[in-house]
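Below you'll find the structure, written out as structure tokens, and then a few comments.
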Amino acid sequence: MQGQVSATYVRLLHEYLAARGRDAAAVLGENAPLDDGSGLARVPVAHWAALLDRADAVLDAPALGLEVGARIQPAHFGLLGYLTLCCATLAEALARLADYERLVYDVNRVTVTMLADGVQLEWGDERGRPGQRVDECAIAALIAYARNITAQPDASPTLVRFINPSPRDVAPYRAFFGCEVGFDAPTTVVRLPLSLIAAKLRQPDPALHALLDAQARAQLARLPPVDDFERRLRETIAAGLRAGDASLDACAARLHCSSRTLQRKLDAAGSSFQQALDATRRQLAESWLADPRLKLAEVAQLLGYTDQAAFTRAFQRWTGFAPGQWRRQSGI
């Protein structure tokens with residue numbers, strides 16, 4: 001499992017346990033991480049998952065991640081929290097969260113897609129699956145955060161679905177999110193309605209926003225670089241699709257390594273060649289579908305599918321929509 005999360009989440013878990021009358025340090029086996037003021041303190045996501053497991057072993061909460069994530073406040077996100085508070089609308093705040101996601105949640109990157117009736121936020125599993133408690137805490141924090149900064153405590157997404165298996169009891173999830181919640185999905189998805197993302201925030205401040213945005217960019221630049229193996233592999237797969245051969249062997253040759261070496265690197269990253277191929281195809285598909293001049297059959301051919309039906313089945317598996325339906329939803 002790759003990636004890191006902000007130490008803020010660990011402090012949040014300590015606060016949650018203390019509120020439940022527990023000695024957090026004793027339960028978790030470590031003290032809360034100190035806030036060094038930089039906003040860059042992070043912990044491996046595998047360690048974060050282990051801490052949630054330890055807390056759950058003591059509390060046996062039906063949806064521990066939801067309860068922890070629901071406690072989030074803008075101050076917990078530090079500089080990024082204050083930056084979003086300066087935005088004019090929730091849509092602008094979400095854009096800033098997506099821009100600087102690595103500052104707080106550097107695991108799988110979010111993909112933001114505008115729909116006819118709102119916006120879709122989506123996370124895949126290119127860098128592994130951190131598990132239900134990690135995912136539900138992150139998504140609960142996102143929704144709680146949106147409710148907080150818009151002063152709409154009852155605001156609800158229109159759809160939430162998790163990549164993880166269904167828990168024994170889904171009632172706490174439906175109660176918290178206020179919508180149907182799915183599991184065992186190809187990706188983790190949150191859809192927010194237009195009425196919510198258009199909500200005006202309480203204290204927009206363009207001048208302060210510009211200052212904090214520059215500071216956030218500087219913080220992001222100080223983070224260690226992301227391993228570019230995934231990027232290079234996707235670029236290689238895209239080139240292979242254009243050349244008509246995006247097989248494992250062909251991509252390995254373009255990367256100047258053996259197929260076995262490429263497969264070993266993918267195994268170490270908790271991924272597979274098929275996952276990388278699907279992720280690349282999906283990214284290209286959405287880009288090409290956004291061009292109304294391209295017919296669906298042409299998009300399928302560009303992606304290396306033998307026929308349009310095979311492309312349609314794959315796209316439905318990735319997004320839950322047929323390509324034509326996705327175009328209509330996106331207003332294309």
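The values are calculated or read from the model by the stated rules, or taken from the named source; none is laboratory data. Treat the numbers as computed from the prediction; the structure is a model and nothing was measured. All Cβ positions, glycine included, derive from the backbone under ideal geometry; neighbour counts span all protein chains shown.
At-a-glance table
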{"quantity": "Test: residue in the stretch 164-176 that is touching a residue at least 12 places away in the same chain (Cβ under 8 Å), outside the structural domain of R317 (by TED's automatic domain parsing) and under 17 Å from V112 (Cβ atoms)", "calculated": "no"}
{"quantity": "Test: residue in the stretch 80-98 that is surrounded by fewer than 18 Cβ atoms within 10 Å (Cβ to Cβ), under 11 Å from the mean Cα position of the chain (by Cα) and either at negative phi or in the same structural domain as V181 (by TED's automatic domain parsing) (or both)", "calculated": "yes"}
{"quantity": "Any hit, the stretch 209-220, residues being modelled with pLDDT of 90 or more and crowded, with 18+ Cβ neighbours inside 10 Å", "calculated": "no"}
{"quantity": "Matching residues, the stretch 231-260, being surrounded by fewer than 14 Cβ atoms within 10 Å (Cβ to Cβ), modelled with pLDDT of 90 or more and assigned to a helix (DSSP H, G or I)", "calculated": "D249, R260"}
{"quantity": "Residue in the stretch 2-35 that is farthest from S271 (Cα to Cα), counting only those that are of a type in the set (G, A, S) and out of contact with any strand residue (DSSP E or B) (no Cβ under 7 Å at 6 or more places or on another chain)", "calculated": "G21"}
{"quantity": "The stretch 111-134, residues that are surrounded by fewer than 20 Cβ atoms within 10 Å (Cβ to Cβ) and touching a Phe, Trp or Tyr at 6+ places or on another chain (Cβ under 8 Å)", "calculated": "T111"}
{"quantity": "Total residues in the stretch 177-206, condition over 16 Å from the mean Cα position of the chain (by Cα) and either of a type in the set (S, T, N, Q) or within 17 Å of Q152 (Cα to Cα) (or both)", "calculated": "15"}
{"quantity": "Residue satisfying all of: in the stretch 12-37; within 25 Å of the chain's Cα centre (by Cα) and of a type in the set (D, E, K, R); modelled with the lowest pLDDT among these", "calculated": "D35"}
{"quantity": "Unique residue being over 21 Å from I163 (Cα atoms), in a helix (DSSP H, G or I) and either in contact with a His (Cβ under 7 Å, 6 or more places away or on another chain) or not aliphatic (A, V, I, L, M) (or both) when the list is W318, W326, W288", "calculated": "W288"}
{"quantity": "Within the stretch 261-273, considering residues that are within 20 Å of V110 (Cα to Cα) and polar (S, T, N, Q), the one surrounded by the most Cβ atoms within 10 Å (Cβ to Cβ)", "calculated": "S271"}
{"quantity": "2 or more residues within 17 Å of L80 (Cβ to Cβ): qualifying strands (runs of 3 or more DSSP E) within the stretch 91-202", "calculated": "110-115"}
{"quantity": "Contacts under 6 angstrom Cβ, first residue in the stretch 45-63 being within 18 Å of I139 (Cβ to Cβ), partner of a type in the set (K, R) and surrounded by 15 or more Cβ atoms within 10 Å (Cβ to Cβ), 6 or more apart", "calculated": "L52/R133"}
{"quantity": "Residue in the stretch 250-272 that is within 29 Å of D99 (Cα to Cα) and of a type in the set (V, I, T) present", "calculated": "no"}
{"quantity": "One residue from R281, R293 being part of a helix (DSSP H, G or I) and in the same structural domain as G240 (by TED's automatic domain parsing)", "calculated": "R281"}
{"quantity": "Close pairs (9 angstrom Cβ cut-off, 6 or more residues apart or separate chains): surrounded by fewer than 15 Cβ atoms within 10 Å (Cβ to Cβ) in the stretch 307-330, acidic (D, E) anywhere", "calculated": "R317/D278"}
{"quantity": "Test: residue in the stretch 53-61 that is under 19 Å from the mean Cα position of the chain (by Cα), closer than 22 Å to Q132 by Cα and buried (at least 22 other Cβ atoms within 10 Å of the Cβ)", "calculated": "no"}
